[in-house]
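Here's the structure, in structure tokens; my notes come after.
The values are calculated or read from the model by the stated rules, or taken from the named source; none is laboratory data. Because the structure is a prediction, the values reported are computed rather than measured. Here the Cβ positions follow ideal geometry from the backbone for every residue, glycine too, while neighbour counts run over all protein chains shown. Keep in mind that these areas ignore ligands, DNA and RNA; they rest on the heavy atoms of the full protein, side chains included. Shrake-Rupley method; radii C 1.70, N 1.55, O 1.52, S 1.80 Å.
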Amino acid sequence: MKYFVVKRTFLLGVDIKNRAGENINGPCYTSLMQIQVRWITAVSLCLSLLVICASIATRTPWWDEGIYADPAVSLVTNGRLGSIVLGEYVELYRPYVHQYTYWISPFYPVAVAAIFKVFGVGVFSMRSFSLFCALLTLAAWFLIGKHLGNGRTIGLLASAVLALDFAFLQQSANARPDAMVLGCGSAGLAAYLALRERNLANALLAGGTLCALAVCTHPSGAIFVCDLLLLIGLLDRRRIRPVHALYALLPFVVIGIAWLSYILQAPEIFRAQFGNQIRFRASSHGSRVLATITDFYHRYFFYYYSAQSGYRRLKIVGLVFYVAAFAGVLLRPGLRSREGVRAALVLAVANYCLLANLDRQGFPLYLVTVFAPFALVSAIWIADALESGCALRWVAVSLLAASWGVSVCGHGVKILANGYKNEFLPVIERVKPIVDRGGNIVAGSEIAFGVGFRSNVIDDLRLGSGLAAPPEAIVFNLYDLREPEPGSKAALSGYQKVLSNPNFALYARRSRLR
């Protein structure tokens, strides 16, 4: 009987004593549980670090990485936050983009400019910054799990589950602001939870500062601001006083003033650039309720199954794992009645609904903001299953292992393909001589990582039609400059395809490339 009580109260974090006042949370089962969790966490973190580092070194640079690096390079070299390579006519019209960068939030390119200043301009230094943000995220979710799960066990499992999530691995090796948003936003929630019992005012100030930085990094950071408000309402609604609002709002006011000072340099250009971007992201033909309901198919199921083929459809195992964990916690009244568990469930549902409405285009780039709280819910389910001692623990562990296996193997296939060496560098070898001698090329912004961010590298859908002389080469990619159907572009009549691979197609003019 004593063993049963210890076993069923470990997850709850309850300190049980017998009639003599002695602690009966004996070391036997507890130590075994902790050893299992520590091994699971150690394996997960080592594999995660290995996969991320290998992906950083081998992944083909892509368009988003180039367009985010462009204003950072301009800030370092020219002293202004404008673009050097990116043209006004890309997937969205961006007027005066060479002078001002208003189509994205400013904190990420400013942070990347600092990275470039110290470590040099390059896709690897940008991706390494994402790795740093990923490590910050894992530390933050350890603290979030520790405080909402009443112990280190849940914190370790939450970090372990998230560390090998497919979307997390992808964004952690990607030179986009998503990893920074996740790092700042998660750190904001962790800071609030860690400080709230000792000093609520400091907790609100720290949490608000980091969440405000997340918003200033990318609009998707607004999800973490909502998460912070939800946690305050769930955990401290009885302690909040009007003065606390000042501590929470102060960081947003200070950071907002800094951003506004840049906006006021050219407010009309800001409305044009940022307005086009927000309208595109939020546009949809259906209602918000319909968008919320159907987002599971258009974003999750589509990218994890429908858009895949063959063995790639095994990605769906990750979604099955999260759904099973969420259902498993909901079906356990003893779990869902706990305050911290309820908070984790609310965060997971809220983030799903917020993402469905903030980005109604169904892009998978922001999935990790939803999967992070689902990883926490999964950690709670796994810990409870390990304690139960029944067949459920094998279901939980098997689904976790299958999810991790698919995630690691899926990234392993891309790592072995080594797109950087086999796809990107062959293109650079052909076009770099042209750029070095001053010739113009039209290419996606990612090509600038190999030839330099120079004004004679032009990323524009008009394919150089506004230039005094036709470009010497055109490099199509999979994103903004897609290769046209044969004969559908008169502008290509004087060009010949000289190189083609899964990511790029290179056209040369008059056989200038040899």
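List of remarks:
- Residues of region 83-117 satisfying the condition of being crowded, with 18+ Cβ neighbours inside 10 Å and charged (D, E, K, R): 94
- Within region 47-63, residues that are closer than 16 Å to residue 417 by Cα and touching a residue at least 40 places away in the same chain (Cβ under 8 Å) have Cβ atoms under 7 Å from residues that are open to solvent by 20 Å² or more (accessible area, probe 1.4 Å) and β-branched (Val, Ile, Thr) in these pairs: 51/408; 54/415; 55/415; 58/415, counting only partners at least 6 apart in sequence or on another chain.
- Only one of the numbered conditions (1) in contact with a strand residue (DSSP E or B) (Cβ under 7 Å, 6 or more places away or on another chain); (2) of a type outside the set (Ser, Thr, Tyr); (3) within 22 Å of residue 34 (Cβ to Cβ) is violated by residue 431, and that is (3).
- Residue 448 being farther than 30 Å from residue 54 by Cα, open to solvent by less than 30 Å² (accessible area, probe 1.4 Å), in contact with a strand residue (DSSP E or B) (Cβ under 6 Å, 6 or more places away or on another chain) and not in a loop (DSSP other than H, G, I, E, B): no
- Selection within region 357-390 - among the polar types (S, T, N, Q) and not in a loop (DSSP other than H, G, I, E, B): 357, 369, 378, 388
- On the stretch given as region 137-168, residues that are of a type in the set (Gly, Ala, Ser) and more than 22 Å from residue 214 (Cβ to Cβ) total 3.
- Among the residues of region 33-66, those identified as of a type outside the set (A, V, I, L, M, F, W, C) and within 30 Å of residue 505 (Cβ to Cβ) are 55, 58, 59, 60, 61, 64, 65, 66.
- Tallying residues that are over 20 Å from the mean Cα position of the chain (by Cα) and assigned to a helix (DSSP H, G or I) within region 306-316 yields 6.
- Selection status of residue 439, modelled with pLDDT under 90 and farther than 20 Å from residue 90 by Cβ: no
- Qualifying residue in region 215-238 (condition: of a type outside the set (S, T, N, Q), in a helix (DSSP H, G or I), without any contact (Cβ under 8 Å) to a residue 60 or more places away in the chain and in contact with an Asp or Glu (Cβ under 9 Å, 6 or more places away or on another chain)): no
- Every test in (1) outside any loop (DSSP other than H, G, I, E, B); (2) open to solvent by 20 Å² or more (accessible area, probe 1.4 Å); (3) over 22 Å from residue 358 (Cα atoms) is passed by residue 203 save one, and that test is (2).
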